[in-house]
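Single-structure report; data block below.
None of the figures in this text is laboratory data; all of them are computed from the coordinates on show. Given the structure is predicted, the values throughout are model-derived calculations rather than measurements. Positions of Cβ are backbone-derived with ideal geometry, glycine not excepted, and every protein chain shown enters the neighbour counts.
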Amino acid sequence: MQLRSDQSKDGAILGRKGTETRARLLAATRTLLETLSPFNLTVAAIAKAAKTAPATLYVYFDDVQDVFYALNIEAQQDFESMTNNHPEWFSDPVRIQYDAQQFVDEFNSVWDRHHHALQYRNLESDRGNTRFLALRTSNALPLIDRLAHAVKAAKPGISNREAYADAIVLFSGVERMAATRDQIPSDQPRLPADELSAAQARVIARYLSSGG
C-alpha cells in the first residue's frame, strides 16, 4: 500500500502534529544521507537528528528501509509532476531538439534533488527487492510511454513492440547517466555535466528525427 504524506504506517490520517513529525523524520534522513551511507543509518540516528524518540519513528515507518521507500515516493511524485507539466514534449518535430534538452535537464534536476534515495532504490532493485523494483518500474513507465509514442510518430514503419523497446533503451541511458555522471573520481578526466546533458539530448533528438 502506498501511503500519503498525511498517513501513519497503518493508514490512519495524521493530524497537523503527526504530519509535521513524519516530515521532520524524512527531512532528517535526507540531511544524514549527505554524509552517511544509507546502509549505516539507524532508527536511533534518524530519530536523534529529528529530535524525537526512536519509538516515534515506528508510528510512521516499519524500519529504516521504509523511510527510504517514503523518500522515493516523494521522488516519484516529482517525476510525475515533471511529466504532467509537459504534455507537449516530443509532439512537434520542429521542437525535438529543444524538447529532448528540456527532458534531460529536468530529469537530471529531479534526480539530483532525490539522488540518495534513488540510488538506494536502484541498488535494492538490482538486489531483487521486489518492493523497490515495482516502485522503480512504476516511476519509469510514464516516461517510457512518452518516449515510445515519440518513437512511433518518428518512425511510422516500426512496430509498437519495437518502439517500446527502443524507448526503454533511450530512457535507460538517461537514467543511468543521471545516476553516474558525478561518480568519476575528481582526479580523473571528466566532461562537464552540461556537455554530457547536451550529448544525451543530441542522441535522443537525432534518433527521433532520423525517420525510417
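Roughly what angle does helix 130-154 make with the longest principal axis of the chain, taking Cα atoms, 0 to 90 degrees, to the nearest 10? Roughly 20 degrees, rounded to the nearest 10.
Our summary gives the chain a relative contact order of 18 percent, counting only alpha carbon pairs under 8 angstrom and 6 or more residues apart. Computed from the C-beta positions of R206 and E74 and an R0 of 41 Å, the FRET efficiency is 0.75 to the nearest 0.05.
Does segment 65-209 come out rounded, prolate or oblate, given a ≥ b ≥ c as the square roots of the eigenvalues of its C-alpha gyration tensor, rounded meaning a/c under 1.5 and, failing that, prolate meaning a/b above b/c? Taking the square roots of the gyration eigenvalues as a ≥ b ≥ c, segment 65-209 is oblate. Karplus-derived 3J(HN,Hα) values for segment 37-47, using 6.51 cos²θ - 1.76 cosθ + 1.60 with θ = phi - 60°, are 5, x, 7, 9, 6, 10, 4, 4, 5, 5, 4 Hz; glycine and proline are entered as x.
Applied to segment 70-87, the Karplus parametrisation 6.51 cos²θ - 1.76 cosθ + 1.60 on θ = phi - 60° returns per-residue 3J(HN,Hα) values of 5, 5, 6, 5, 4, 5, 4, 5, 5, 5, 4, 4, 4, 5, 5, 6, 10, x Hz, with x for Gly and Pro.
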